[in-house]
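The values are calculated or read from the model by the stated rules, or taken from the named source; none is laboratory data. Being a predicted model, the structure only gives us computed values, none of them experimental. Methodologically, a virtual Cβ is constructed for each residue, glycine included, from the backbone with ideal geometry; neighbour enumeration extends over all protein chains shown.
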Amino acid sequence: MAGKTLFEKIWDKHVVTKVEGGPSVLYIDRHFVHEVTSPQAFAGLRDRGIQVRRPEKTVATADHNIPTLGQDQPIRDELSRFQVNKLAQNCEEFGVDLYGLNHKWNGIVHVIGPELGITRPGMTIVCGDSHTSTHGAFGSIAFGIGTSEVEMVMATQTLLQNKPRTMRINIEGDLQNGVVSKDIVLYIISQIGTGGATGYFVEFAGSAIRSLSMEARMTICNMSIEMGARGGMIAPDETTFEYVKGREFAPKGAEWEKALTEWRQLPSDEDAVFDKELNYKAADIEPMITYGTNPGMGIGISQSIPKLEDIEKSTQATFKKSMQYMDFQPGDAMIGKKVDYVFVGSCTNGRIEDLRAFASFIKGKKKADNVTAWIVPGSHQVEAQAEEEGIRQILEEAGFEMRQPGCSACLAMNDDKIPEGNYAVSTSNRNFEGRQGPGARTMLASPLTAAAAAITGKITDPRDFL
Amino acid sequence: MPIDKFVKLESTCVPLPIENVDTDQIIPARFLKATTREGFGDNLFADWRYDKSGNPKKDFVLNDTTYSGKVLVAGQNFGSGSSREHAAWAIVGYGFKAVVSSFFADIFKNNSLNNGLLPVQVSKEFLEELFQAIEKDPQAKVEIDLDNQKITLLPTGKSESFDINPYKKKCLLNGFDDIDYLLNINDEIEAWEKAHD
Ligand code: SF4
């Protein structure tokens with residue numbers, strides 16, 4: 001019999017039972033909750049007269065709606081305030097721990113889970129949020145669910161799920177200077193498209209992946225949903241254990257040793273078979289940038305936007321619509337395009353390493369006058385660390401402003417909206433029409449490419465400065 | 001939440017021949033601030049449907065009285081992006097009962113099924129035929145027969161079968177929901193917890 005994949009080992013262990021001819025009942029180890037996708041689920045429990053089955057396996061934060069300035073004040077937007085308050089009431093009523101606004105552990109749900117040591121190898125983790133895939137960087141099965149499923153997990157700590165197929169994407173070799181994990185994942189999506197991994201759970205592997213830090217691995221798994229995957233994961237190794245060790249909720253003492261022994265068994269067996277396997281060379285990857293309105297519309301920064309005739313017939317109408325929205329011409333070069341806004345943050349690139357990379361790039365330089373830049377840490381802990389390391393000061397000296405943590409301009413549910421028609425280089429994960437505000441034009445890139453744009457005021461190859 | 005039963009549907013269609021329609025287009029984030037499931041239909045495709053002052057844009061299909069019906073026919077990779085179930089609520093809220101496309105994003109598919117909205121995945125060729133038939137005659141109807149897993153373009157009689165998980169099919173045909181099922185197997189869940197916790 002063939003060996004098992006990392007995915008299969010975790011999945012098989014968590015199957016409670018299987019519905020005849022149907023999905024499996026999967027036990028869920030951790031359920032993260034935020035204010036936008038949970039109120040209807042709590043209401044459902046109330047209607048049924050039932051409780052959250054395992055509140056101690058559930059943890060909540062407020063992140064999507066919160067302002068990034070003046071967090072000590074009541075939220076001004078009435079609907080946002082209501083939704084955030086509703087979360088607090090629901091958590092109180094159902095006995096769920098909440099790291100709400102102004103809590104020292106508050107932050108974007110996919111940033112705080114890992115940094116508090118709640119996210120650990122071998123777990124099943126869900127949240128009513130598609131970027132739950134982030135947590136897969138620790139070698140866990142983590143994926144986003146809808147609100148009906150949020151209610152399901154609250155009520156039963158289980159979920160009905162069909163077993164996805166497995167895919168392994170191998171990236172071998174060394175990355176070029178100036179190329180970081182965001183570029184790897186944008187590159188993969190540009191190759192296979194936004195539906196390229198639909199129906200699959202993806203394991204990222206290969207020497208280029210193994211050499212990455214946990215923050216960088218999270219960036220890759222975070223965006224696995226943008227290739228359509230159910231989730232992404234990376235085998236746990238010493239880098240993983242080193243990161244988890246000593247964190248607030250990480251196991252301690254004998255428990256830690258026991259956990260380590262189990263975690264070391266998790267990586268895919270040598271002879272494990274994947275339903276699909278893709279291979280890429282790290283050396284082929286350039287700093288990436290998107291030119292269109294889905295994350296698959298990305299190119300190496302030195303390249304030009306495809307010409308209409310290079311696009312498949314059935315996709316041409318969609319491509320044209322996208323060009324119109326961005327006000328770009330097919331065949332245009334990306335280098336030199338004007339930039340109005342730069343956003344550094346989100347669950348993709350709002351971690352300390354991202355702020356460090358941005359700060360070391362802009363240190364001693366000045367922000368371009370035509371650029372408005374929002375640097376938004378992913379959590380209060382990231383903010384505190386940035387403060388401690390002197391990053392805030394470096395930013396301020398270069399004319400940048402560091403705001404308070406939250407999802408911010410990643411989805412523009414708060415006041416951080418890119419004005420209509422303006423161009424933003426964003427380190428977040430989605431460049432959909434209107435994602436960063438009605439009419440906003442988003443170009444996704446790494447923190448380094450964002451930094452290069454912020455100081456030159458236009459799309460610039462970060463390698464020019466290295 | 002109990003869902004509406006879905007057995008058989010005969011209806012005209014609303015065509016949306018755009019690919020990769022993501023859930024941010026189906027329901028933009030600024031409309032996600034509600035705490036109930038109702039009312040999202042009014043903002044379905046809001047940024048394509050209304051101009052800045054909130055007036056209907058004439059060229060968008062939902063504002064074009066030529067087209068109506070309970071079936072939305074869309075380009076491939078429908079429902080990608082955010083996991084927001086609000087997208088399914090908005091489509092159901094507007095009055096659609098089924099969405100036909102040649103490819104659906106995973107989470108959207110689950111969310112639809114959990115709300116009694118049937119995602120019907122057809123071949124690229126069949127989808128193309130559907131678009132053409134609707135363009136030729138906006139009154140062209142399709143029949144969607146869940147029990148036999150068959151979609152038929154009535155003017156031509158051309159039909160194609162579609163896949164659905166047998167468990168989900170049973171739920172839709174009977175209006176069952178997953179939580180009732182899971183609450184009923186509490187003993188098994190407890191046994192798993194005893195063995196693993
Ligand atoms: S930062 Fe953006 S992608 Fe991440 S959880 Fe918040 S809204 Fe979603």
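Conditions (1) within 16 Å of the ligand (Cβ to nearest atom); (2) at pLDDT 95 or above, marked per residue:
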{"position": "B:R30", "(1), (2)": "yes, no"}
{"position": "B:A34", "(1), (2)": "no, no"}
{"position": "B:D42", "(1), (2)": "no, yes"}
{"position": "B:R49", "(1), (2)": "no, yes"}
{"position": "B:K52", "(1), (2)": "no, no"}
{"position": "B:E85", "(1), (2)": "yes, yes"}
{"position": "B:G93", "(1), (2)": "no, yes"}
{"position": "B:P119", "(1), (2)": "no, yes"}
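Here is the figure for segment A:295-309: residues that are in contact with a Gly (Cβ under 9 Å, 6 or more places away or on another chain) and away from chain B (no Cβ under 11 Å) total 6.
Out of the residues in segment B:127-165 meeting the condition of being over 29 Å from A:G199 (Cβ atoms) and in contact (Cβ under 8 Å) with a residue 60 or more places away in the chain, tell me which one is surrounded by the fewest Cβ atoms within 10 Å (Cβ to Cβ).
Of the residues in segment B:127-165, the ones over 29 Å from A:G199 (Cβ atoms) are B:135-141, B:154-157.
Now drop any that are not in contact (Cβ under 8 Å) with a residue 60 or more places away in the chain, which leaves B:135, B:138-141, B:154.
Numbers: B:E135: 11, B:P138: 17, B:Q139: 13, B:A140: 18, B:K141: 18, B:L154: 15.
Only one residue fits best here, namely B:E135.
Within segment A:324-362, if we keep just the residues that are more than 17 Å from A:I108 (Cβ to Cβ) and within 14 Å of another protein chain (Cβ to nearest Cβ), the residue that is farthest from the ligand (Cβ to nearest atom) turns out to be A:Q324. Given segment A:104-214, what helices (runs of 4 or more DSSP H) lie entirely inside it while holding 2 or more residues that are out of contact with any helix residue (DSSP H, G or I) (no Cβ under 6 Å at 6 or more places or on another chain), more than 16 Å from the ligand (Cβ to nearest atom) and modelled with pLDDT of 95 or more? Once the helices (runs of 4 or more DSSP H) in segment A:104-214 are filtered for at least 2 residues that are out of contact with any helix residue (DSSP H, G or I) (no Cβ under 6 Å at 6 or more places or on another chain), more than 16 Å from the ligand (Cβ to nearest atom) and modelled with pLDDT of 95 or more, what remains is A:147-156, A:181-192, A:207-210. For beta carbons closer than 8 Å, sequence separation of 6+ or different chains, a first residue in segment A:397-419 that is farther than 23 Å from A:N102 by Cβ and touching a residue at least 40 places away in the same chain (Cβ under 8 Å) and a second that is of a type in the set (A, V, I, L, M) and within 11 Å of the ligand (Cβ to nearest atom), the qualifying pairs are A:I418/A:A409; A:I418/A:A412. Regarding B:W89, is this residue under 17 Å from the mean Cα position of the chain (by Cα), touching a residue at least 12 places away in the same chain (Cβ under 8 Å) and either under 25 Å from A:S133 (Cα atoms) or within 10 Å of chain A (Cβ to nearest Cβ) (or both)? The answer is yes for B:W89.
When you scan segment A:239-252, do you find a residue that is under 30 Å from A:G298 (Cα atoms), away from the ligand (no atom under 16 Å from the Cβ) and not in a strand (DSSP E or B), even just one? Yes - at least one qualifying residue is present in segment A:239-252.
Given the structure, is A:G107 facing chain B (nearest Cβ under 8 Å) and surrounded by 24 or more Cβ atoms within 10 Å (Cβ to Cβ)? Judged against the criteria, A:G107 is not a match. Whether any residue in segment A:382-392 is surrounded by 15 or more Cβ atoms within 10 Å (Cβ to Cβ) and within 16 Å of the ligand (Cβ to nearest atom) is what I want to check. Within segment A:382-392 (the criterion being surrounded by 15 or more Cβ atoms within 10 Å (Cβ to Cβ) and within 16 Å of the ligand (Cβ to nearest atom)), the answer is yes, since at least one residue qualifies.
Does segment A:411-451 hold any residues that are of a type outside the set (A, V, I, L, M), more than 15 Å from the ligand (Cβ to nearest atom) and assigned to a strand (DSSP E or B), and which are they?
A:Y423, A:R441, listed by residue number.
Annotation note: Cβ proximity below 8 Å between a residue of segment B:29-42 that is facing another protein chain (nearest Cβ under 7 Å) and under 12 Å from B:E85 (Cα atoms) and a residue that is hydrophobic (A, V, I, L, M, F, W, C) and assigned to a helix (DSSP H, G or I) (sequence gap 6+ or interchain) occurs for B:T36/A:A43; B:R37/B:W89.
Can you find a residue in segment A:307-317 that is away from the ligand (no atom under 16 Å from the Cβ) and touching a residue at least 40 places away in the same chain (Cβ under 8 Å)? The answer is no; no qualifying residue exists. Per this entry, A:V96 is not counted among residues that are within 28 Å of A:F343 (Cα to Cα) and among the β-branched types (V, I, T).
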